[in-house]
Structure formats: C-alpha cells, structure tokens
Amino acid sequence: MVNAGTAWARCSRAFLDARFIAAVRRRTVATMELDGSTVLVTGGAVRLGRAIASEMAARGATVVITYRASADEAVDTVADIEAKGGRAIAVRLDLEDASSIPAAVDEATAAAGPIDVLINNASYFEPTPFPCDDHTGWFRTFDVLVHGPYLLS
C-alpha cells in the first residue's frame, strides 16, 4: 500500500527540484558572457542553428557557422549577425565526409581563432520506409549525428 503523504512528498520534491534546476538554467543563460570566445555552430545557417548562432553573437562571441548545402542561407545569416554588430563567418562542412572536417576546422580557426565552444546542431532528414532493405539513409544519419560530431570534437 502506498502512503499518500510519502507519495505527495516525493512528487512535491521532484517538482521543487525541477523548478530549482530551471531557475539555475535561466540564470546561467541570462548571464552567459562570451566576449572574446569563438563558437562553432554546425548547421548554423538555418532554423534552430541560425537562432543559436545569432544568440551566441549577441552575447559577444565570434561565430563560425557551418553549412553543407545552404550556402545562400549561410551568407544571409552572417550578414544578419554582422548587421547587428556581431562577428561571424560561414564555412562549408559536410559531416558525412570525414575527410572534409580537418579542412573546415583549419579554415574556421584561421579566420576566427581557436574554437572555444562547439555546438553540434547539424542534422540530416531522409524519409525512409520501415522496414526496408536499403540502409543508406540510416548510415547517412549516423554519420551526421554521431560520427561527424565525434570527429569534429
């Protein structure tokens, strides 16, 4: 039999712990200073990556955004960041191609200095029926989400 008082105390404690953690996170993010830092955001040209790159630049970081196929969007993102007084560069990077990673890192560090923060945001979407005999999409997804970030780190 469950003791109602004990169950309530556990739920209440979990709720308070969650509120405390959320408050600490809000305070940490609200005061995060990145002046003089270089932040690399994979997939930083569009959607969530663009928002992350913009916020990092607003907090004083030099931002390196990477893109695979979104060259025009990368140029636009860099222009938007620079228009707001930030510093950003765009570097082409194909996380499916392990041999392209060192060249992209060299280009980024030559232009922006050593990378202090790495945000692995790039993703890969390929609709695949299930079950299937062709696992190409699976391997591509794994390259972009696991192998690429590992090699980039």
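Observations on the structure shown:
- Remark: pairs (first residue in region 102-124, free of Cβ contacts under 8 Å to residues at least 60 places away in the same chain; second residue charged (D, E, K, R) and in a strand (DSSP E or B); Cβ separation under 8 Å; 6+ apart in sequence or on different chains) = Ala104/Arg92.
- Being in a loop (DSSP other than H, G, I, E, B) and farther than 19 Å from Ala111 by Cβ is true of Ala69.
- For Asn120, the conditions (1) of a type outside the set (A, V, I, L, M); (2) loosely packed, with under 15 Cβ neighbours inside 10 Å; (3) closer than 14 Å to Gly43 by Cβ; (4) within 15 Å of the chain's Cα centre (by Cα) all hold with the exception of (2).
- Which listed residue, of Ala71, Ala30, Ala98, Ala45, is modelled with pLDDT under 95, within 25 Å of Gly137 (Cα to Cα) and of a type in the set (A, V, I, L, M): Ala98
- Filter result (in a loop (DSSP other than H, G, I, E, B) and either closer than 17 Å to Arg68 by Cα or touching a residue at least 12 places away in the same chain (Cβ under 8 Å) (or both)) within region 125-139: Phe125, Glu126
- Residue satisfying condition, being within 28 Å of Met32 (Cβ to Cβ), surrounded by fewer than 16 Cβ atoms within 10 Å (Cβ to Cβ) and touching a strand residue (DSSP E or B) at 6+ places or on another chain (Cβ under 9 Å), within set Val64, Val105, Val75, Val91: Val75
The values are calculated or read from the model by the stated rules, or taken from the named source; none is laboratory data. This is a predicted model, so every value here is computed, not measured. For neighbour counting, all protein chains shown are included, and Cβ atoms are generated from backbone atoms with ideal geometry for every residue, glycine included.
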